[in-house]
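Enquirer: Here it is, the structure in full.
Read-outs throughout are calculated quantities, based only on the coordinates presented, and are distinct from any laboratory measurement. The model shown is predicted, which means the values in this text are computed figures rather than measured ones. Neighbour counts are summed over all protein chains in view; Cβ atoms, including those assigned to glycine, are modelled from backbone coordinates with ideal geometry.
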Amino acid sequence: MNRILRPLVLASAILLCASGAHSQSQEIKGHLVIIGGGDRTSAIMNRFIELAGGGEKGRIIVIPLASGTPDTSGMELTAEFKSKGVRNVEWLLFTREQALSEEFADKFNGATGVFFGGGDQARITRVIVGTPVQRKLKELYKDGAVIGGTSAGAAIMSRVMITGDELINKDTRNIFVSIRKGNVQTIEGLGFLDDVIVDQHFVKRRRLNRLISVVLEHPELPGIGIDESTSIIVSPGGIYEVLGEGTVMVFDARDAKNIHTDTHGNLAARGIRMDIFSSGERFSPQSGSRTPEPEKR
């Protein structure tokens, strides 16, 4: 190729790629507020309400499906939002049969915010995955609503979801004590994020082993561990902001070498990237090794 034309073609290709990435990011207009469990700080909850349109104009729906006592959880979360000035908030408890109904999914029409409570994340996915309710929630998110959740409500945000169960280790007194292939159970989450894996209660409950295990089994997906009383706010442009009292850890094996298992099933690799972000910092997990220095909001 002509030496003059080659740089022009290369520049055009770069511009086309950048344009494609930009248009793809513009498909999503909503935000995610993903809380790692523990106490929900006022700053985090107030940000969720702000993104939902504010206390006067927002319409928030609470989904307490994960809880073992969903009625109590639904009432408590609703009361919490009301105490912060939200006038239009309700909680919905429903079965999979209801979730399979297009008519029931229409109950979410007009919602500007949807919040998932804590408990067992599998209780949420058993009811919602593959239903009109899941499609409706994704439509709301795409059109500008904010989707939030804490603890189990954080785990369901990614397509590859950690259930919290182990498949090999059955000693419930010593959980996730290894980095081992095939041990950490994952199933399909709600998939608001399909390019990362989310874990919660991260530093508090020492969950590095299980997230590193899953990342090495899915090296194309960075793993994001959110500590208690801490959140990430995911903006439409794919920028993640940390807000709260703890930290967020990101494990990235996309550039790792020699990912393998030994004869005992232990996972190993070379060159895994780890970043730790604190409140007020922003980052893009999809930038990989090109991640710029985190910005303060």
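Enquirer: Kindly put M157, M274, M249 in sequence by how many other C-beta atoms sit within 10 Å of each C-beta, fewest to most. Display every interim value, and only then the final one.
Expert: On the way: M157 27, M274 12, M249 21.
Ordered by Cβ neighbours within 10 Å, fewest first: M274, M249, M157.
Enquirer: Another question, if that's okay. The stretch 206-235 to the stretch 73-91: how many Å between their Cα centroids?
Expert: 29 Å
Enquirer: Gain in length, S83 to D39, computed as 0.36 nm per residue apart minus the alpha-carbon separation, to one decimal in nm? Numbers along the way, then the final one.
Expert: Numbers: separation 44, 0.36 × 44 = 15.84 nm, distance 1.58 nm.
Full extension of this stretch gives 14.3 nm more.
Enquirer: Where does the charge balance sit around G153 when Lys and Arg score +1, Asp and Glu -1, over other residues with C-beta under 15 Å from its C-beta?
Expert: -3
Enquirer: Follow-up question, since we're still on this one. Applying a 10 Å radius around every beta-carbon, put 112-123, 62-73 in order of their mean neighbour count, most first.
Expert: 112-123, 62-73
Enquirer: Evaluate the relative contact order of the chain (contact order divided by residue number), counting alpha-carbon pairs under 8 angstrom at least 6 apart; express in whole percent.
Expert: The normalised contact order for the chain reaches 18 percent.
Enquirer: Could you list D252, D171 in order of exposure, starting from the residue whose Cβ has the fewest other Cβ atoms within 10 Å?
Expert: Going from sparsest to densest Cβ surroundings: D171, D252.
Enquirer: On to the next question. By how many nm would the segment from T69 to K29 grow when fully extended, if each residue of separation counts as 0.36 nm and the alpha-carbon distance is taken off?
Expert: The T69-K29 span can extend by a further 11.1 nm.
Enquirer: Here's something else I'd like to know. Within the chain, what's the longest stretch lacking GluC sites (Glu not before Pro) that sit in DSSP loops with no more than 12 other Cβ atoms inside 10 Å? Could the numbers behind the result be given before it?
Expert: Details: sites that count: E27, E220.
Segment 28-219 is the longest.
Enquirer: Quick one: compute the contact order of the stretch 238-283, relative version, from alpha carbon pairs under 8 angstrom and 6+ residues apart, as a percent.
Expert: With pairs under 8 Å counted, the relative contact order is 53 percent.
Enquirer: Springs between alpha-carbon atoms under 10 Å, Gaussian network over the chain: tell me which of H201, H218, H264 tops the mean-square fluctuations.
Expert: H264
Enquirer: For I276 and K204, compute 0.36 nm times the residue count separating them, minus their Cα-Cα distance, and round to one decimal in nm. Walk me through the numbers before you get to the answer.
Expert: Details: separation 72, 0.36 × 72 = 25.92 nm, distance 1.45 nm.
Stretched fully, the I276-K204 segment lengthens by 24.5 nm.
Enquirer: Looking at the chain, send over the antiparallel percent of its DSSP beta bridges, to the nearest 5.
Expert: Counting DSSP beta bridges with both partners in the chain, the antiparallel share is about 60 percent.
Enquirer: Still on this model: Defining a contact as two alpha carbons under 8 Å apart and six or more residues distant in sequence, what relative contact order in percent does the stretch 207-277 show?
Expert: Details: 122 pairs, mean separation 20.2, N = 71.
Relative contact order of the stretch 207-277: 29 percent.
Enquirer: Which of the aspartates and glutamates could a cross-linker span from K107 if the Cα-Cα distance has to be under 14 Å and same-chain partners fewer than 8 positions apart are dropped?
Expert: Within the straight-line cut-off, K107 pairs with E90, E139.
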